[in-house]
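Heads up: the structure comes next, in structure tokens.
The values are calculated or read from the model by the stated rules, or taken from the named source; none is laboratory data. Computed from a predicted model, the values in this text were never measured in an experiment. Note: ideal-geometry Cβ built from the backbone for every residue, glycine included; neighbour counts use all protein chains shown. Each accessible area value is taken on the protein alone, full model and side chains, heavy atoms only, with ligands, DNA and RNA left out. Shrake-Rupley method; radii C 1.70, N 1.55, O 1.52, S 1.80 Å.
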Amino acid sequence: MMTASVFSHRRLLTFLNRICTHSVVCAATLVLCGCGNSVLLDERFHDARLINWTVVDDPDTIEGPSDWRVEPDGWLHQRSNIWGRRGDFIGRWFGTYLVAGDAGWEDYTLSVKAKAIDDDGFGVVFRYQDPEHFYRLLFLQDGLSGGPITRLDMREGSNYTELWSVARGYRLGAEMVIDVKVAGDVIEALADGKQLFEVKDGSYRR
């Protein structure tokens, strides 16, 4: 029943609101806005209990379970080195997700500030229906795991269908603002205000 989330593959950590420590991915201030600019979710992780969030670990992973937590520095961290036993080198890149939202959300903009201090995979998932049906925007720098690549996928079951990709990853230690806009069957994404893609796919509408 979740629609928006952050995703972590291997040592990459994902956070919402200021974040950073060794080998992490940091996401600051997650905001989703729907029609009419109404705010659907504005998460700054002041509550360490993560009461509005659900942790989802892919079943075929090793070095898990995941370890999502808000730490005294005010950031959300994912501390485990969870990664995919089989999927990493065949276009799946299994990992862990932290999801929140409402099944009725359809058209919205998701905005996350991230900072990667590792070269593994991280990103966001959206229009999340269940652990095997959602879209994922993945950023990966590690050349041993198929990077550098930025890729949009549609997940159905245990497999991912690539909808768009470019052979470019990210700069370690640099802040990145990721925006994903969904309206009907149109999916658009931007990184630091520059368009990555605009594609059409009607697999998941909410």
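Each peptide in 147-156, 195-204 gets a packing score, the mean of other Cβ atoms within 10 Å over its residues, and the list from highest to lowest is 147-156, 195-204. So, with a 1.4 angstrom probe, what is the percent of accessible area on region 77-147 that is carbon and sulfur? C and S fraction of accessible area: 46 percent.
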